[in-house]
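Below is one structure, written out as structure tokens; comments come after it.
The values are calculated or read from the model by the stated rules, or taken from the named source; none is laboratory data. This structure is a prediction, so every number in the text was calculated from the model and none was measured. So basically every Cβ, Gly included, is an ideal-geometry build from the backbone, and we count neighbours across all protein chains shown. For accessibility, only protein heavy atoms count, side chains too; no ligands or nucleic acids. Shrake-Rupley method; radii C 1.70, N 1.55, O 1.52, S 1.80 Å.
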Amino acid sequence: MTKEATIDRVIQELESEADTYEQQMEALATAQPHLLAFVTHDDNDAFTEEEQRLLLFATLVIYRSTAAEDSPPPPVPAAKIEQGEEANYAIMQAAKGNFRTKLDPFFAITREEDLLAFIEDLISGETEEDTITKEAREPLFIALKTVVDVLA
């Protein structure tokens, strides 16, 4: 289980090492090629440029946080990512209510509450400078929840 303190530390490290962000993304691409392909896939073209950047940043945070708690996971097969995404969409489609209420079933079945809370906070749209469209919240959550599922 990934701790909130680890997630916060990773975020601080990434923010202080902004000049090495490209190198860190290249390292992620080498370590997890199918995962990076998943988050950069053409299906994500519906996201704005800011939403795509957020998706990549959050994927890197999740990867580094899970690796810091344990050891870097082996490369995730594309089939496992696809299965995880389908399962997450099924849960989301079965849920009723507003965005936050639809997330309750995910929290009820996960061991990674702190990572899900990180994702929820990132895309919830409760700040004035929020750049996440309402239409992008669910697909962003599903994508990032899938990243958590296959890495943790």
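The set of residues in the range 74-98 that are open to solvent by 80 Å² or more (accessible area, probe 1.4 Å), under 18 Å from Tyr63 (Cα atoms) and either part of a helix (DSSP H, G or I) or in contact with a Leu (Cβ under 6 Å, 6 or more places away or on another chain) (or both) comprises Lys80, Glu82. Take the conditions of a type outside the set (A, V, I, L, M, F, W, C), under 16 Å from the mean Cα position of the chain (by Cα) and closer than 15 Å to Val147 by Cβ and apply them to Asp8. Does it pass? The answer is no for Asp8. Selection over the range 26-54 of residues that are of a type in the set (Ser, Thr, Tyr) and not in a helix (DSSP H, G or I) gives a count of 2.
Taking the range 1-19 as the range and being loosely packed, with under 13 Cβ neighbours inside 10 Å and over 21 Å from Thr131 (Cβ atoms) as the test, the residues that pass are Ala5, Gln12, Ser16, Glu17, Asp19. Is it fair to say Ala67 is farther than 19 Å from Lys134 by Cα, of a type in the set (A, V, I, L, M, F, W, C) and surrounded by fewer than 16 Cβ atoms within 10 Å (Cβ to Cβ)? No, not satisfied. Confirm whether Thr131 is touching a residue at least 12 places away in the same chain (Cβ under 8 Å) and part of a helix (DSSP H, G or I). Taking the combined requirement at face value, the residue does not satisfy it. In a residue-by-residue description of the range 15-25, the property of being under 25 Å from Gln83 (Cα atoms) and in a helix (DSSP H, G or I) applies to at least one position. Residues of the range 70-99 that are modelled with pLDDT under 95 and under 15 Å from Val150 (Cβ atoms): Asp70, Pro72, Pro73, Pro74.
The rows are residues; the columns are (1) at pLDDT 90 or above; (2) open to solvent by less than 30 Å² (accessible area, probe 1.4 Å).
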position	(1), (2)
Ala27	yes, no
Phe38	yes, no
Asp42	no, no
Asp45	no, no
Arg53	yes, no
Ala58	yes, yes
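Applying the condition of being open to solvent by 40 Å² or more (accessible area, probe 1.4 Å) and within 14 Å of the chain's Cα centre (by Cα) to the range 99-124 and asking which residue is farthest from Gln12 (Cα to Cα) yields Glu113.
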